[in-house]
Amino acid sequence: FIVLCESCGDDRFDFRALGDRRQLKLELQYALQCRHDERKSNTHALTVAPVIRLAAASGVDSLLDWPMTRWVEHFAATKVGTSHHRNGQLAFLRYAHEHLSDLTQGSGWDSEFNRDVWALRRLGVKGTRGQLRFDQIPQPWLRGLAKRFVRWRLSIGRSVNQTRIDILALTRLAGFLATPGVAVGALAAVDRAVLERYLADLAHDPRAPRSRSRDISSLNAFLLAVRRHGWDPSLPAGATFYPEDFPQPAKRLPRALAEQVMAQLEAPTNLDRWHHRDGRLLTLILIRCGLRVGDACGLAFDCIIRGGDGAPYLRYLNNKMSREAVVPIDEEVEAGIVAQQQHVAGRWPGASPWLFPAPRMNPDGARALTTHSYRGQLGIWLERCDIRDEHGQAVHLTPHQWRHTFGTRLINRDVPQEVVRV
């Protein structure tokens, strides 16, 4: 009774229900410690206690004695906890099973390469629980080459999104090669004639020409890598794509926002409608500096540098080009950044590395604001401001359109007035 009174209000994780099953107890304690160390979500006793009881009732000595599919069935058949918390309980059970699998099976390329589904966390890719799936490629010979290609692309610094595009392109090609009319059984049969047939099949794809061009580009990079690195000498010499094989993209209208819309967005009264100070400053940076939203969310805490004349510049990492870049900033943006630095230093005395740390579930400031979070705030702000176009319609925009607007303004600013009149 005294212990309960002293710990009133604190989460208590009671593992006594597991009895003398020490292995199972250590596994759940390990999962709980991992969840705490990640600092990404709160884990309460209301979530963990039913999982402990579930594991105790299963009769197993280790979580890994059952595959996750059987645990899901056992969870569905056992009414543990309240329905309000069941999603969180199953999520914690999955989390514990995954982390124990990582611990026992190891991480890195030696343990992951032979799998048909790669867990990015086991490859050291931070901040994601995503996967790269090769199990939709039915041909073993093509699946193995696809893995080598993707591993090479990741090792030379290609983004995870690019490798997903590559895998989708190879999966579509695999589906074509498996059709009865083609039935290609080895890389040696993938010659220029087969590629031409695939181009004809791809021409009927309802996707936009840009998407089809992206597929062809990935496949061309794959074929070039196979030939250059000698992964399979049987690849025919003529198996390649040429510039004229790429579909011509349709001419797109400018994506810059009209100045009438920008005048409403930049009005101080509307900017002051932001409920979050981070969102207001981030919006100013996107509008006046032309950064991509991902680069802006990942700004370093000390992002201001001075030029030879003492003028302030914003230093940022251009993730698409994998290089640092600078852009001049005005006095208002500089003052906003300085105020934001003071706010961050006050809230995270341990010195967060980010100018815009994630506002929630981030006790040490180690995580930056996500683009998903900002986009959600942006949608709420636009509704609150009731931005309208010249036809009186509500404006729906993406943060990247500010980058196009920034570039258009720079071009128009440099055009002589005489040309503008013409």
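The values are calculated or read from the model by the stated rules, or taken from the named source; none is laboratory data. Here the structure is a predicted model, which is why all the values come from computation and not from measurement. Ideal geometry is used to build each Cβ from the backbone, glycine not excepted, and the neighbour counts take in all protein chains shown. Just so you know, the surface numbers come from the protein's heavy atoms only, side chains and all, with ligands and any DNA or RNA stripped out. Shrake-Rupley method; radii C 1.70, N 1.55, O 1.52, S 1.80 Å.
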Practice problem: Run the dipole for segment 1-77 about the Cα centre, Lys and Arg Cβ at +1, Asp and Glu Cβ at -1, nothing else charged, and hand back the magnitude in debye, nearest 20. | Solution: 60 debye
Quiz item: Could you give the longest part of the chain that holds none of the GluC sites (Glu not before Pro) found in DSSP loops with at most 14 neighbouring Cβ atoms within 10 Å?
Solution: 1-265
Practice problem: Grab the Cα-Cα distance for A311 and A200, subtract it from 0.36 nm times how many residues apart they are, and report the gain in nm with one decimal. | Solution: 34.4 nm
Practice problem: Mind jotting down the distance between the C-alpha centroids of segment 169-206 and segment 280-301, whole Å? | Solution: 43 Å
Quiz item: If the label point is 7 Å along Cα→Cβ of N42, which residues in segment 349-377 have backbone nitrogen under 14 Å from it?
Solution: 360-363
Quiz item: Rounded if a/c is under 1.5, else prolate if a/b is larger than b/c, else oblate: which is segment 299-341, with a ≥ b ≥ c the root eigenvalues of its Cα gyration tensor?
Solution: oblate
Self-check item: Label-point separation in nm, D389 to S217, each point 7 Å along Cα→Cβ
Solution: 2.7 nm
Quiz prompt | Whole-Å distance, taken between Cα centres, linking segment 346-372 and segment 379-397 | solution = 30 Å
Quiz item: What length, rounded to one decimal in nm, is gained on full extension from R70 through to A225, with 0.36 nm per residue of separation minus their alpha-carbon distance?
Solution: 51.7 nm
Quiz prompt | Protection proxy ranking, peptides 218-230, 311-323, average beta carbon neighbours within 10 Å, highest first | solution = 218-230, 311-323
Practice problem: Report the label-to-label distance for V125 and A267 in nanometres (one decimal), using points 7 Å from each Cα along the Cα→Cβ vector. | Solution: 4.4 nm
Quiz prompt | Computed lengthening from T179 to R53, 0.36 nm per intervening residue step minus Cα-Cα distance | solution = 40.3 nm
Quiz item: Just from the alpha-carbon atoms, what are the Rg and Dmax of segment 214-340 in angstroms?
Solution: 22.2, 67
Quiz prompt | Estimated vicinal HN-Hα couplings, Hz - segment 395-410 in sequence order (Karplus 6.51, -1.76, 1.60; Gly, Pro = x) | solution = 8, 10, 9, 10, x, 5, 5, 5, 5, 5, 5, 4, x, 5, 5, 5
Practice problem: Calculate, for N412 and K251, the FRET efficiency according to 1/(1 + (r/R0)^6) with r their C-beta to C-beta distance and R0 25 Å; round to the nearest 0.05. | Solution: 0.80
Exercise. If a/c stays under 1.5 just call it rounded; otherwise compare a/b with b/c (prolate if a/b is bigger, oblate if not). Do that for segment 22-175, with a ≥ b ≥ c from the square roots of the Cα gyration tensor eigenvalues.
Key: prolate
Quiz item: Given only helices, namely DSSP H runs of n ≥ 4 each adding -39500 (n - 2.57), what is the per-residue ellipticity at 222 nm of the chain, to the nearest 500 deg cm²/dmol?
Solution: -16000 deg cm²/dmol
Self-check item: Calculated on alpha-carbon atoms, Rg and Dmax of the chain in Å
Solution: 27.2, 88
Quiz item: Where only protein heavy atoms count, and the probe is 1.4 Å, what is the accessible area per residue for segment 124-195 in Å²?
Solution: 47 Å²
